[in-house]
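**Q** My questions will all concern the structure given below.
The values are calculated or read from the model by the stated rules, or taken from the named source; none is laboratory data. Here the structure is a predicted model, which is why all the values come from computation and not from measurement. Every residue, glycine as well, gets a Cβ built from its backbone with ideal geometry; the counts of neighbours run over all protein chains shown.
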Amino acid sequence: MHRLTDLDAMRAVLSHWQACSEHVALVPTMGNLHVGHLALIKAARQRSDRVVASVFVNPTQFGPDEDFASYPRTLDDDIAALAEAGCDLVWMPSVKTMYPLAERFSIAVPAQLANQLCGEFRPGHFDGVASVVLRLFNQVRPRLAVFGEKDFQQLLVIRRLVADLALDIDIVGWPTQREADGLAMSSRNQYLTPEQRRVAPSLFQTLTQTAEGLAAGNDWKALEGQARDKLEEAGFRPQYLALRCAEDLGDPKPGRPQRLLAAAWLGKARLIDNIGLG
Ligand code: PAF
């Protein structure tokens, strides 16, 4: 597996692959890889000749009071896991390589998509995500890229980016990988104390019960109130619980797929999760 930090060196490898007509898939990550990330690598592996994984903790998607400095960095373990998973190249740019100019260009994600749900609580987050993902796409020039559905709003932002800028890249959304008790896998789960870790699966359970309530024809507002109460009783500080159209995160539309999404703090961990309906 190639381990590269230099853009010209990576482009030389990519040119060689291109000359052999090999298609490249990209799995963008911020490292601290877990089974969920490795499932994305596997999905990429099945769909492409070559797999590139990027490991870059992107400063522009963290707010001033967020965990950029303390975000877990485990590069040696990540490289070993990627090699084991069959990745062909790990791309580890420095901040200077990713953002070479002091005054940088940035993507402004349309407000309707960027300023709601997670974006309401993390201003500028999705602009930072879209900006770094576009840079990664330009650096790696993949035919396909794989993103986890756990970050469902992020997945839609990327799909919109690709459609609006006419990028010739297939975006594959991959189902959320879960622990045995239902907790969505996330690097931030390690911020949980053992007691909080026991409580954390309640977020997924609450989403599941709310979805069952909706399927049984119960009123959304009543279900939302019950879900918030349940989460607060368990020790969460909910930010949002929302029922949205799965295609554009607007209001649910008759006959179109829906998504139930939630974010809540539990101790020092901000947990997000979502499930599909009908
Ligand atoms: O989902 C993530 O890990 C990040 O938001 C991403 C897509 C790698 C961009 O930094």
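**Q** Of all residues in the range 201-243, count the ones that are assigned to a loop (DSSP other than H, G, I, E, B), free of Cβ contacts under 8 Å to residues at least 12 places away in the same chain and hydrophobic (A, V, I, L, M, F, W, C).
**A** Qualifying residue count, the range 201-243: 1.
**Q** Of all residues in the range 49-66, which are within 13 Å of the ligand (Cβ to nearest atom), over 25 Å from ARG143 (Cβ atoms) and in a loop (DSSP other than H, G, I, E, B)? Give the derivation first.
**A** Step one: list which residues in the range 49-66 are within 13 Å of the ligand (Cβ to nearest atom), which gives 52-62, 66.
Within this subset, residues satisfying the condition of being over 25 Å from ARG143 (Cβ atoms) are 57, 59-60, 62, 66.
Residues satisfying the conditions are VAL57, PHE62, GLU66.
**Q** Among ALA44, ALA25, ALA39, ALA83, which is the only one that is away from the ligand (no atom under 16 Å from the Cβ), among the small types (Gly, Ala, Ser) and either in contact (Cβ under 8 Å) with a residue 60 or more places away in the chain or crowded, with 20+ Cβ neighbours inside 10 Å (or both)?
**A** Numbers: ALA44 fails: away from the ligand (no atom under 16 Å from the Cβ); ALA25 fails: away from the ligand (no atom under 16 Å from the Cβ); ALA39 fails: away from the ligand (no atom under 16 Å from the Cβ).
Going through ALA44, ALA25, ALA39, ALA83 in turn, the sole match is ALA83.
**Q** Of the residues that sit in the range 215-227 and are of a type outside the set (Asp, Glu) and either buried (at least 18 other Cβ atoms within 10 Å of the Cβ) or at pLDDT below 95 (or both), which one is farthest from the chain's Cα centre (by Cα)?
**A** First pass over the range 215-227, keeping only residues of a type outside the set (Asp, Glu): 215-218, 220-223, 225-227.
Going one step further and asking which of them are either buried (at least 18 other Cβ atoms within 10 Å of the Cβ) or at pLDDT below 95 (or both), we end up with 223, 227.
Numbers: LEU223: 27, ALA227: 24 Å.
Here the residue is LEU223.
**Q** Taking interchain pairs and intrachain pairs at least six residues apart, which have beta carbon atoms under 9 angstrom, with the first residue in the range 117-136 and at positive phi and the second among the aliphatic types (A, V, I, L, M)?
**A** Note: pairs meeting the criteria are LEU117/ALA242; LEU117/LEU249; LEU117/LEU261; LEU117/ALA263; LEU117/ILE272; GLY124/ALA114.
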